[in-house]
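To keep things clear, I will list the structure first and then write my remarks on it.
Just so it is clear, none of the values below were taken in a lab; they were calculated from the coordinates. Not measured: the values here are computed from a predicted model. Cβ sites come from the backbone with ideal geometry, for glycine too, and all protein chains shown count toward neighbours.
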Amino acid sequence: YHWQFVTEEVQGQVQYEYAAEFADRLYEKSDGRITMDPFEFGALGSEVDQVEQLQSGAVEFAIVSPGFTGGMVAEGQVFALQFLFPDDQAVTQEILNTSEALNTQLAAMYEEQNIKPLAFWTEGAMAWTGNRELRTPADFEGFQMRTQASPLIQESYRAYGASPIDLSWGELYTSLDSGVVDGQENPIFFIEDASFHEVQSHLTISNHNNYVAMTTVNPDFYNGLPEDIRAMIDETVEEMQPIVFDMQTEMNEELLQAIIDDTDNPTEIIELTEEEREAFRELAMPLRNYFREQISEAGVEMFDLLEQEIAEAE
Ligand code: 6CS
């Protein structure tokens, strides 16, 4: 077997390192019968192009951020709802591992679109960067905010008063540098590794949401595999959950320090107080009803169950 595994990130970043480790493990487990090529972002087009390659079976495996499937699987935009998952990333990861709403119900909705999620995992809490201070919703007034291609992410920033613009991250550094956009959201490791802090003056530790990625596979390909091979894949997916959790924790911590230490590119770091976060939470809450109105009945059921699972985990 020889398979392709596309990612939305490059060497040294979480998704690519995940795919590389995944490939190594499958090679070992299968005594060399399975080889996989991990792909860095960029070689095969934009994030949205990569989703299409997975759906058509041109590639077998992909790491997909739900934000890039917002127009396709409306229910997957649940991850765009800010202040929904617990602030504690370990608790959030536990929900992602065990949630029936996500792993059974939402996964089936993706599968209808030829995307089979095998696992959901966090890449860490997201922060905002900007060419000015972002501390209160008023700071977002007239702010050109880069987002992924998800109507719900965009609506969430409109609720803060911003003007959202969707872009691939491949264009993001130059767009921030030239002022086409004023700011963006991402986990801290990614902000540092993609050097966004070089072209942004401020970073806000907001923890308004966590960044979820999905390990996905083309369903026809997967369902057509012999059972023993599928079992090796499933086992590897399971093994990777704690590994990728530790990887992102470490990278997020280390690279926050790297931003602080980068005196050539000074970045003012603002950590929101609970009270300051509350002002954003208030504006984010109505988006939950907006989301319910955009999705199928099965989607509403999924969301009800997820809210229950989150309440129990907390
Ligand atoms: O901002 C983005 O679009 C990118 N951020 C991360 C953390 N991974 C890949 C994604 O394309």
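In whole angstrom, the chain maps to an equivalent ellipsoid with semi-axes of 31, 23, 18, each derived as √(5λ) from the alpha carbon gyration tensor and ordered largest first. Using just its DSSP H runs of length 4 or more, each adding -39500 (n - 2.57), the chain gives a mean residue ellipticity at 222 nm of -13500 deg cm²/dmol after division by all residues.
Taking packing as the residue-averaged number of other Cβ atoms within 10 angstrom, the listed peptides 132-143, 101-112, 78-89 run from highest to lowest as 78-89, 101-112, 132-143. Each other residue within a Cβ distance under 14 Å of Thr147 adds +1 if Lys or Arg and -1 if Asp or Glu, for a net charge of -4. Relative to the longest principal axis of the Cα atoms of the chain, helix 14-29 runs at roughly 20 degrees. DSSP bridge analysis restricted to the stretch 2-313 gives an antiparallel fraction near 55%, rounded to the nearest 5. In percent, rounded to a whole number, the relative contact order of the chain is 24, using alpha-carbon pairs under 8 Å and six or more apart. Fewest neighbouring Cβ atoms within 10 Å first, the residues Arg230, Arg146 line up as Arg230, Arg146.
To the nearest ten degrees, helix 227-261 and the longest principal axis of the Cα atoms of the chain are 20 degrees apart.
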